[in-house]
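Chemist: Here it is, the structure, as structure tokens.
The values are calculated or read from the model by the stated rules, or taken from the named source; none is laboratory data. Just so you know, these numbers come straight off a predicted model, no measurement behind them. Every residue, glycine as well, gets a Cβ built from its backbone with ideal geometry; the counts of neighbours run over all protein chains shown. Heads up: the accessible areas ignore ligands, DNA and RNA and are worked out on the full protein's heavy atoms, side chains in. Shrake-Rupley method; radii C 1.70, N 1.55, O 1.52, S 1.80 Å.
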Amino acid sequence: TQLLEQSPQFLSIQEGENLTVYCNSSSVFSSLQWYRQEPGEGPVLLVTVVTGGEVKKLKRLTFQFGDARKDSSLHITAAQPGDTGLYLCAGARESGGSNYKLTFGKGTLLTVNP
Amino acid sequence: NAGVTQTPKFRILKIGQSMTLQCTQDMNHNYMYWYRQDPGMGLKLIYYSVGAGITDKGEVPNGYNVSRSTTEDFPLRLELAAPSQTSVYFCASSTGGKGGYTFGSGTRLTVV
């Protein structure tokens, strides 16, 4: 059972376009994280959201956590070729009070063409 | 700071051989993890550890073993390698809070 569903699975756009990728679940998460992974490297943390309805911005990237803490979205404004990569969402579910074990989605592979 | 260091970067094994994937971190993180990543399948948790001397199974532990004798090191042992173990393996560490994981750069393993 895949707890976190990411869509779309693949996305190819032109430089300058805007895009949104989604991370959905039927489960409630105590926090949700977004990572970007480049070829041949491990994932790198972009942001953690912990409060329902929370919005965080990281330059041209905007992250939102759903009110019910079951879903999240990542919006990129004016995409650049350097944004190319695999975007992974990961959710933490409280276990004995600790949020130490993450469940990862399968990722959205983004290609931004110059 | 080195962060999480994995060795080797690449390895080819023959069916039935054994090997150990090394992972070390210098951030004094209590929590460490091993994931495998297959195309289109995301990251699957193999084993994790919440501190030295403590390990536990993840989603896909069969065919693997781990040990955690120190805070810094968390090696992953493959016994009797099988083609199904061809994958990219990532080690990660965390504080256990909401700060996220720090990943190594991965080991690409091919079993032929």
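Chemist: Please find, among A:Glu15, A:Glu41, the residue that is open to solvent by 50 Å² or more (accessible area, probe 1.4 Å), over 11 Å from the mean Cα position of the chain (by Cα) and free of Cβ contacts under 8 Å to residues at least 60 places away in the same chain.
Modeler: A:Glu41
Chemist: Continuing with the same structure: Yes or no: B:Val111 more than 11 Å from the chain's Cα centre (by Cα), under 14 Å from B:Leu13 (Cβ atoms) and in contact (Cβ under 8 Å) with a residue 40 or more places away in the chain?
Modeler: yes
Chemist: Next question, about the same structure. Out of all the residues in region B:50-109, which are aliphatic (A, V, I, L, M) and touching a helix residue (DSSP H, G or I) at 6+ places or on another chain (Cβ under 9 Å)? Walk me through it before giving the result.
Modeler: Of region B:50-109, the ones aliphatic (A, V, I, L, M) are B:50, B:52, B:54, B:60, B:66, B:76, B:78, B:80-82, B:88, B:92, B:109.
Correct list: B:Leu78, B:Leu109.
Chemist: Please give the strands (runs of 3 or more DSSP E) falling wholly within chain A in which 2 or more residues are more than 13 Å from chain B (Cβ to nearest Cβ).
Modeler: Output list reads A:10-14, A:19-24, A:55-58, A:61-65, A:71-76, A:108-113.
Chemist: Mind listing whichever residues of region B:30-45 are at pLDDT 95 or above and either touching a Leu at 6+ places or on another chain (Cβ under 7 Å) or not in a strand (DSSP E or B) (or both)?
Modeler: Matches in region B:30-45: B:Tyr33, B:Trp34, B:Tyr35, B:Gln37.
Chemist: Which of the residues belonging to region A:1-21 are charged (D, E, K, R) and out of contact with any Gly (no Cβ under 8 Å at 6 or more places or on another chain)?
Modeler: A:Glu15, A:Glu17
Chemist: Determine the pairs where a residue that is of a type in the set (D, E, K, R), located within region B:35-47, has a partner that is surrounded by 13 or more Cβ atoms within 10 Å (Cβ to Cβ) and assigned to a loop (DSSP other than H, G, I, E, B) with Cβ atoms under 6 Å apart, the partner being 6 or more residues away or on another chain.
Modeler: B:Lys44/B:Val60
Chemist: May I ask you to list pairs of residues, at least six apart or on different chains, whose Cβ atoms are under 6 Å apart, with the first in region A:53-77 being on the phi > 0 side of the Ramachandran plot and the second being surrounded by fewer than 18 Cβ atoms within 10 Å (Cβ to Cβ) and not in a strand (DSSP E or B)?
Modeler: Pairs that qualify, where the first residue is on the phi > 0 side of the Ramachandran plot and the partner is surrounded by fewer than 18 Cβ atoms within 10 Å (Cβ to Cβ) and not in a strand (DSSP E or B), are A:Gly53/A:Asp67; A:Arg69/A:Val28; A:Arg69/A:Gly52.
Chemist: Taking into account only those residues within region B:59-112 that are open to solvent by 50 Å² or more (accessible area, probe 1.4 Å), of a type in the set (Gly, Ala, Ser) and out of contact with any Ser or Thr (no Cβ under 9 Å at 6 or more places or on another chain), which is farthest from the other protein chains (Cβ to nearest Cβ)?
Modeler: Applying the filter and picking the extreme gives B:Ser69.
Chemist: Here's something else I'd like to know. Would you check if there is a residue in region B:11-18 being within 13 Å of chain A (Cβ to nearest Cβ), modelled with pLDDT of 95 or more, over 10 Å from the mean Cα position of the chain (by Cα) and open to solvent by 20 Å² or more (accessible area, probe 1.4 Å)?
Modeler: No - not one qualifying residue is present in region B:11-18.
Chemist: Conditions first: (1) closer than 24 Å to B:Phe103 by Cβ; (2) open to solvent by 80 Å² or more (accessible area, probe 1.4 Å); (3) touching a residue at least 24 places away in the same chain (Cβ under 8 Å). A:Leu3 passes all but one, so which condition is the exception?
Modeler: Here A:Leu3 meets the rest and fails (2).
Chemist: Could you tell me which residue of region B:80-94 is farthest from B:Ser18 (Cα to Cα), considering only residues that are in a loop (DSSP other than H, G, I, E, B) and in contact with a strand residue (DSSP E or B) (Cβ under 7 Å, 6 or more places away or on another chain)?
Modeler: The extreme case among them is B:Thr86.
Chemist: Let me ask something else. Residue by residue through region B:21-58, note down the ones that are more than 12 Å from the chain's Cα centre (by Cα), open to solvent by less than 30 Å² (accessible area, probe 1.4 Å) and within 8 Å of chain A (Cβ to nearest Cβ).
Modeler: B:Gly42
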